[in-house]
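Let me begin by presenting the structure, written as structure tokens, before commenting on it.
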Amino acid sequence: MADTITLEVARYRPDRESEPTVEEFEVPLRRDWAVLDGLNHVKDYLDGSLSYRWSCRMGICGSCGMTVNGEPRLTCATFLVDYAPGPVRVEPLANFPVIRDLVVDIGDFMRKLPQVSPWIVRGQEKPVEEGEYLQTPEQLADYSQFSMCINCMLCYSACPVYGLDPEFVGPAAIALAQRYNLDSRDEGADVRMDLLIHPEGIWGCTFVGECTRACPKGVDPAGAIQRYKLTAALQSLRSFVLPRGPR
């Protein structure tokens with residue numbers, strides 16, 4: 001195995017250039033080095049001006065998402081040896097405006113998340129002295145998969161619908177809405193449905209499934225959206241058959 005591998009890193013410095021460029025760096029090729037380690041080597045020893053986001057290095061914070069050889073990946077969990085002998089191209093996440101180098105503007109994503117009320121909504125809280133809202137293991141299992149999202153935005157980068165229509169609420173936000181809809185303690189499903197039952201919501205999804213393939217945590221946003229569509233269709237059918245409600 002070679003001692004080094006080439007990183008082809010996208011560079012964009014708006015104060016110096018009008019278009020992105022690609023710069024090559026030779027970094028050590030070690031079995032335990034992730035792509036993020038290679039970028040840190042560049043930052044520490046070769047070019048301190050390289051800009052990118054990272055934090056935990058453990059696949060938990062979701063901040064180090066980038067495009068690696070054309071695929072949205074967490075760079076802390078993507079290993080250089082898997083791309084040997086190289087080169088390895090590292091670019092910003094697709095479908096987001098680039099601020100500098102590998103740093104993208106996540107403002108649109110952050111605005112959309114709170115729109116789906118990603119918290120437990122209740123019409124009235126019971127008194128504290130009555131104790132906790134208990135759940136069975138089965139009730140927890142209903143939504144636990146959709147609660148694993150780390151907001152890495154890889155699904156948005158992979159989603160062709162979001163790439164074409166920035167108004168699309170997007171896979172992570174809809175999956176998060178479904179997480180709370182399925183929570184036995186929540187009473188906000190109708191509020192979320194009013195927001196998401198439109199072309200920019202659940203019906204905008206064409207079920208390509210790239211969001212689920214890109215997800216590093218097995219959340220299955222595509223599955224969450226299709227389940228949401230089924231719920232919406234059944235509610236619509238009930239309102240048509242029983243316009244005055246069930247009798």
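The values are calculated or read from the model by the stated rules, or taken from the named source; none is laboratory data. Here the structure is a predicted model, which means the values were calculated and not measured. Note that each Cβ is placed from the backbone with ideal geometry, even for glycine, and that neighbours are counted across all protein chains shown. Just the protein is used for accessible areas: all its heavy atoms, side chains included, with ligands, DNA and RNA removed. Shrake-Rupley method; radii C 1.70, N 1.55, O 1.52, S 1.80 Å.
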Subset of the stretch 184-195 (residues that are aliphatic (A, V, I, L, M) and either crowded, with 19+ Cβ neighbours inside 10 Å or farther than 15 Å from GLN226 by Cα (or both)): ALA189, VAL191, LEU195
The listed residue being farther than 29 Å from THR75 by Cα, in contact with a Ser or Thr (Cβ under 8 Å, 6 or more places away or on another chain), surrounded by fewer than 16 Cβ atoms within 10 Å (Cβ to Cβ) and not β-branched (Val, Ile, Thr), out of GLN124, GLN139: GLN139
Residue under evaluation ASN181, criteria (1) open to solvent by less than 40 Å² (accessible area, probe 1.4 Å); (2) modelled with pLDDT under 95, criterion not met: (2)
Test: residue in the stretch 77-92 that is within 26 Å of TYR156 (Cβ to Cβ) and of a type in the set (Asp, Glu): yes
Candidate set from the stretch 64-112 (those that are open to solvent by 40 Å² or more (accessible area, probe 1.4 Å) and polar (S, T, N, Q)); member that is farthest from GLU17 (Cα to Cα): ASN69
Only one of ASP3, ASP37 that is within 27 Å of the chain's Cα centre (by Cα), acidic (Asp, Glu) and within 16 Å of VAL88 (Cα to Cα): ASP37
Answer residue from the stretch 6-34, given it is among the basic types (Lys, Arg) and open to solvent by 30 Å² or more (accessible area, probe 1.4 Å) and is nearest to PRO92 (Cα to Cα) among those: ARG16
Filtered residues of the stretch 130-156 (kept if outside any loop (DSSP other than H, G, I, E, B), of a type in the set (Gly, Ala, Ser) and over 20 Å from ILE60 (Cβ atoms)): ALA141
